[in-house]
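Heads up: the structure comes next, in structure tokens.
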Amino acid sequence: MSVHMQMDVSNLHKDLLAMCTQVEDMIHRAVDQLSEPNFETSRQLVDEDNDIDRKDVEIEDACLKVLALYQPVAIDLRRIAAVMKISGELERVADLAVSIAERACGLLNSPQVQVPDELKGMAQRAIGMLHRSIDAYVDLDSTAARKVCLEDDEIDDLNRELIEQLIRQMHKHPEQLDALLHLFSAVRQVERVADHATNIAEDVVYLVEGRIIRHAHKLNVDKPGS
């Protein structure tokens, strides 16, 4: 890797980590809204989401310039590809942060509807997955990344259980339908946070091992040496 390319790639890495930190903070605050909805916080998240959109475009543009200028190969090429893909995943998580906060604020007019503890727990687990997937990227740890991927099935199970619970409540309390729909949407958004965390983890595996494991049915058949 040339000195100039090394500097450009290092700057990309720094920009992506700054984006990671901001998005993690956004999703934390959005999930907190499930307990204490606040319109001002939601507005702030919208403004920050616009900033993340701008950063995503800037990172993609910088990645394309590196590809055009240096024509990297092997691990260098995978690094640029991973940065571009992870940036896109983070941009989508920022969108979800806004959506979760908006759904939480939608419950303010229906104080009789309580956010299930299971949803709060699911949200914290999804945030944990996102944090660990980012750590795996920083540490270039594909083993940790694969563990994040395996957690996604558990989140999917929680998602199904919560959806079924909410549907039962809708039938039992039709007068609460609007509020329950907000909760329904919040559950789906949280589940998607876990999906994006999984995608980032898969990108880390690609970066470190050169293996594309997305859509693989069984991760254990794709381990190195298998």
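A few comments on the model shown:
- The helix-only estimate of mean residue ellipticity at 222 nm for the chain, built from DSSP H runs of length n ≥ 4 each weighted as -39500 (n - 2.57), is -29000 deg cm²/dmol after division by the residue total.
- The protection proxy used here, the mean number of other Cβ atoms lying within 10 Å of each residue, ranks peptides 56-64, 203-211, 96-104 as follows, highest first: 96-104, 203-211, 56-64.
- Computed extension length for Gln114-Val138: 4.9 nm, one decimal, from 0.36 nm per residue of separation with the Cα-Cα distance subtracted.
- Between Met5 and Glu60, the simple spin-label model (points 7 angstrom out along Cα→Cβ) gives 2.4 nm.
- Computed log₁₀ I(q)/I(0) - Debye formula, equal Cα scatterers, no solvent, segment 1-107, q 0.13, 0.21, 0.22 Å⁻¹: -0.52, -0.95, -1.01
- The long axis of helix 39-70 is offset from the longest Cα principal axis of the chain by roughly 20 degrees.
- Helix axis angle, 117-139 relative to the chain longest principal axis, alpha carbon, degrees: 10 degrees
- Spin-label model distance (nm) - Ile75 vs Ala18, 7 Å beyond Cα toward Cβ: 2.6 nm
- Quick note on segment 98-209: its Rg to Rh ratio, both from C-alpha atoms and Rh being the Kirkwood radius, is 1.09.
- Structure note, pairs Lys14/Lys65; Lys85/Lys120; Lys14/Lys147; Lys14/Lys55: Cα-Cα distances above 18 angstrom occur for Lys85/Lys120; Lys14/Lys147.
- For the pair segment 146-186 / segment 1-51, the C-alpha centres are spaced 27 Å from each other.
- Sequence-separation-based contact order of the chain, relative, with Cα cut under 8 Å and 6+ spacing, percent: 26 percent
- Phi-derived couplings, Karplus 6.51 cos²θ - 1.76 cosθ + 1.60 at θ = phi - 60°, listed residue by residue for segment 160-177: 5, 4, 5, 4, 4, 4, 5, 5, 4, 5, 4, 5, 7, 10, x, 5, 9, 4 Hz, with x used for Gly and Pro.
Read the figures in this text as sums done on the coordinates, not as results from a lab. This structure is a prediction, so every number in the text was calculated from the model and none was measured. Virtual Cβ from ideal backbone geometry, glycine too; neighbours counted across all protein chains shown.
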